[in-house]
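Below you'll find the structure, written out as structure tokens, and then a few comments.
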Amino acid sequence: MQNRKFPYMLRFARDGFACYIGHLDWIRLVLVALDYTHLPIVYTEGYSPKAKLKFSPPLPVGLNSDTELVLIYLRENLSEDIIHQEFDYALPDGMTLLNVKYLYPQPPKNPFKSINGALYEIHFPMELNPDERKNILDTLQGVGLSDDAPEIILKQQDWILKILNGDEFADKAVRVPGQHDYIDHVDYVARLESGRTFHPVKFALALKDYLNLPHLPQGKRLSFLHIEDEGARKLFEF
């Protein structure tokens, strides 16, 4: 029993200051939070043992996220509620533990290896008329771009594979009192490749300048995907 290890997938949200730190600092924050808990963490062997953890692909700096995943191993089979409670007072502002999931059977050594895409949201914190919405959708789809468009926009079709709510975004252009179906965001699937990361924040900055938007669009990563020929399959359901 001593050598047994129990894997749990933790799903964190990052916003506020936590979206402005790099990946290595994010790892350090999680390690510090674990030190504040009383969880029986599994450590590597050797002269310099470290907590046995795996992290999902890095979050581009400046982007909020609802899907920062961390795989941890414990020496005891604890309930998911107990793990959640241990983190209640261990996390700084900007970090929230959303879900805990015990993994059975044992996950592969690197469960995040199959990730090659992500679902993003780009939120527009301003009123947009139908023409502005059409221009945004056309730009996201690479339609009618001018030669002087920023490079990240000209090359966005290398990354953005599909817009999920284009029709709804185009139609729900007017706020109606008492109704809650006004759409102020676009959901899209983008490719992730090892060593090359699509940067939604830089894309939003370029989009603001290119379309003369009055405010900077805000981004969020919603989930990870495995992109196959027939579409995109969501990974790590909670």
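Bear in mind that the values in this text are calculations on the coordinates, not laboratory data. Note that the structure is predicted; figures quoted are calculated from it, not measured. Please note: Cβ atoms are built from the backbone with ideal geometry, for glycine as well, and neighbour counts cover all protein chains shown.
Some notes on this structure:
- Whether the range 49-155 is rounded, prolate or oblate, judged on the alpha carbon gyration tensor where a/c under 1.5 counts as rounded: prolate
- Sorted by Cβ density within 10 Å, fewest first, the residues I122, I27: I27, I122
- The chain, helix-only ellipticity at 222 nm - DSSP H runs n ≥ 4, -39,500 (n - 2.57), divided by all residues, nearest 500: -6500 deg cm²/dmol
- Set K54/K202; K54/K220; K109/K162; K54/K162; K50/K101 screened for pairs whose C-alpha atoms are more than 24 Å apart: K54/K202; K109/K162; K54/K162
- Cβ charges +1 (Lys, Arg) and -1 (Asp, Glu), total dipole of the chain, debye: 1080 debye
- Ratio of Rg to Rh for the chain: 1.03 [Cα atoms; Kirkwood radius as inverse mean 1/r over pairs].
- Across the range 6-110, the volume of the C-alpha convex hull divided among the residues equals 100 Å³ per residue.
- FRET efficiency for the D131 to K162 pair, using the beta carbon distance and R₀ = 22 Å, is estimated at 0.40.
- Loop-located trypsin sites (Lys or Arg not before Pro) in the range 62-150 (DSSP state other than H, G, I, E, B) with a sparse environment of at most 11 neighbouring Cβ atoms within 10 Å: K109.
- In summary, the range 94-137 shows an alpha-carbon radius of gyration equal to 2.04 times the 2.2 N^0.38 Å reference for compact globular proteins.
- Neighbour-limited loop hits for chymotrypsin sites (Phe, Trp or Tyr not before Pro), the range 1-48 (at most 16 other Cβ within 10 Å; DSSP other than H, G, I, E, B): Y47
- Nearest-0.05 FRET efficiency for L98 and A170, computed from C-beta distance (R0 35 Å): 0.70
- Point-to-point label distance, D138-Y36, nm (Cα→Cβ direction, 7 Å offset): 5.0 nm
- Contour excess over end-to-end distance, with Cα ends at F55 and R233 and 0.36 nm allotted per residue: 62.1 nm
- Low-density loop positions, GluC sites (Glu not before Pro), the range 80-132 - DSSP coil, at most 14 other Cβ in 10 Å: E127
- Residues L53, L10, sorted so that the one with the fewest Cβ neighbours within 10 Å comes first: L53, L10
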